Amino acid sequence: MNRRLVLVAAFAVVACAVGIASSANAESISGPFATTTPIAYSATNWTGSLSFPKFDSSLGTLTEVDLALTGGMKTVLTVENLSPAGSTGHANTHLQITVQDADGNLIAPQIDFMSPSYNFTLASNETLTSGTLTKSASSYDQYFDSAVLSEFTGPGTIVLPASTFVEAMIAYSGGNTVATQVTQAQLTGTVTYHYAAVPEPSTFALLLVGAVGLLVGARRFRG
C-alpha cells in the first residue's frame, strides 16, 4: 500500500473516533417526567407541592431544565347590588398559581389567568350567581443556572412548593355592586432534562486501537 494512502487512512480513523466521541457528547433529552404528585381540584387558596424524579448524573452532565406547568380553575361568581338603582357590568375571577423551589432559585414560574366574564344586569338590591366558569392556562420556563441544575441532579425527587392567590374582579355602571367568588384550582406539570451524554468508552477505544495500528503499519512501511 502507498505510504501516503496509509497515513491518510490512519488520520481518517482518528478523525472518525473524535467525531463519534463528539457525537456522544452532543445534547440529549431525558423525559419529560410528569409530576408524581399532581394537585387535584381543591378549594383556594391552597398550598401544595409538585415532585419530579431528579436527573440521573450517570447519563452525563445536565445542561438545561425545562419546566412546563398547566393549571385550571372552576369558579362560581356571585354579584350583589346594594343600591336602589339598577346596575350592569361584568365580573371575573383572577387566579395566580405560583411554583418555587425550596432554595428560591427558580424565576417564580407563575400561571396568571382570568375566568370567562360573567355579564349581569341587576335590579335594586338583587343578587345573581353565575354557573360554573372554567378556564385553563399554562407556563413554560427554561433554566441554565448552575444552582438550578445542581438541585435537579441526583438521586430521589425534587419537591416544588406551589400556592394560589385568587380574587373577584368587577366592572359596572349604576348601583353599588360587589362580587365574590368560590373557586377550585388544580395544577400539574412536566420536567424535561437536556444533557451532554457520557461518551461510549468501548467504541472510542476500539477506533483508537485501529488508528494506532494503521499508524504503526505506515511507519514500518516507511522503514
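In what order do 118, 41, 143 fall by count of nearby beta-carbon atoms within 10 Å, going from fewest to most?
If I rank by nearby Cβ atoms, fewest first, I get 41, 143, 118.
In percent, what relative contact order does the range 68-194 have, based on Cα pairs under 8 Å that are 6 or more apart in sequence?
Relative contact order here is 45 percent.
What net charge do the residues around residue 164 carry, taking every other residue with its C-beta under 14 Å from that of residue 164, with Lys and Arg at +1 and Asp and Glu at -1?
0
In µm²/s, what is D for the range 27-196 at 4 °C and 1.567 mPa s, where D = kT/(6 pi eta Rh) by Stokes-Einstein and Rh is the Kirkwood radius from Cα pairs?
Roughly 73 µm²/s, to the nearest whole number.
Which order do 152, 120, 165 fall in if you start with the one that has the fewest other Cβ atoms within 10 Å?
Arranged by neighbour count, lowest to highest, 152, 120, 165 become 165, 152, 120.
Taking the Cβ of residue 33 as the center, what net charge do the other residues with Cβ under 13 Å away carry, scoring Lys and Arg +1 and Asp and Glu -1?
Once all neighbours under 13 Å are counted, the net charge is -1.
State the extension gain, in nm to one decimal, for the chain segment bounded by residue 108 and residue 144, taking 0.36 nm per residue of separation less the distance between their alpha-carbons.
The span from residue 108 to residue 144 would gain 11.5 nm if fully extended.
Values quoted throughout were computed directly from the atomic coordinates according to the rules given, and no laboratory measurement underlies them. Quick caveat, the model's predicted, so the values are computed rather than measured. Every residue, glycine as well, gets a Cβ built from its backbone with ideal geometry; the counts of neighbours run over all protein chains shown.
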